[in-house]
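K.L.:
Dropping a structure here in structure tokens format, bear with me for questions.
Nothing in this text is a laboratory measurement; each read-out follows from the coordinates by a stated rule. Bear in mind that the values here come from a model prediction, so they are computed numbers and not experimental data. Neighbour counts are summed over all protein chains in view; Cβ atoms, including those assigned to glycine, are modelled from backbone coordinates with ideal geometry.
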Amino acid sequence: MVRRGSRDYFTLPTRPLNFLICLPIEAYRMDLRPWIDEPGIIAEGRAVLLARPTPEEVQAILQLWEKPYVGRSARFPFLPNPSDFSTWLLLRLALGAPYRATLGIRFRPDGRLVGSIGWTGWDPQARTVWVGDLAVDYSVLKSIGRQWPAGYPGVAVDAVTALTGFLFERLEVETVETFIAETNGLARQVARRAGFREVGRFLYPVPTGPPVPAVVFRLSRC
């Protein structure tokens, strides 16, 4: 533990680092679920649908994550370089389910892709999972205009709420966690509005620079 300013940070976040450990194919093949292997909708929000991305949507997600206003904050803390993300995402899509998955966020009325979201580190014995990969394409949201329900909390909150409901009901987890860079105030606000509470802070090691202060949020089954 180290102190920066008035805060203490853990420096060895073993569980978040496990995000990058790939399980052997044999380890997850026995547990594959039809509802995550087959194309189609796996969760519904008020105005969004979460689905395994089509090949066209995969390319759109790659392009989204390389946009300047998404890139650095959305990729944190996995990959420092946009050029690395394509390989990383394609491997997640091909090898991860059901222990990890990246989904497309679609606008419910017409199916337009508006972003991405996903989970990783599912532990069926501990009944825990981490969520992330959240990115929203604001250029698409502008084209949608005002076609949102009254009192709508926003695409990000809607998608997070839909995903956590799916994880509680279908993967039967008891705890969902996420961690966010301290500087990403918008993502921290989304987590709080989706019901998460702050439970700790740590310094995430980055290969290309100094550790990045991060905040851990948790949501438990009611």
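K.L.:
Which of the peptides 150-160, 205-215 is most tightly packed, and how do the rest follow, going by the mean number of other Cβ atoms within 10 Å of each residue?
P.N.:
Details: 150-160: 18.5, 205-215: 13.5.
My ranking of the peptides, most packed first, is 150-160, 205-215.
K.L.:
So if we plug the beta-carbon distance of Thr54 and Glu174 into 1/(1 + (r/R0)^6) with R0 = 45 Å, what FRET efficiency do we get, rounded to 0.05?
P.N.:
Numbers: r = 32 Å, r/R0 = 0.71.
Result of the calculation: an efficiency of 0.90.
K.L.:
Measuring from a point 7 Å past the Cα of Val199 along Cα-to-C-beta, which residues in segment 141-183 have an amide N at less than 20 Å?
P.N.:
Inside the label zone: 160-182.
K.L.:
Over the alpha carbons of segment 109-191, what is the largest minus smallest coordinate on each principal axis, giving the biggest first in Å?
P.N.:
Reported extents, whole Å, longest axis first: 44, 31, 22.
K.L.:
Something else about it: Just to be sure I understand the model, the point goes 7 Å from the Cα along the line to the Cβ. What's the resulting Arg127 to Cys222 distance in nm?
P.N.:
1.7
K.L.:
With a point put 7 Å past each Cα toward its Cβ, work out how far Arg112 is from Glu44 in nm, to one decimal.
P.N.:
2.1
K.L.:
Measure off 7 Å from each Cα along the Cα-to-Cβ vector at Tyr138 and Leu62, then give the distance between these two points in nanometres to one decimal.
P.N.:
So the two model labels end up 2.5 nm from each other.
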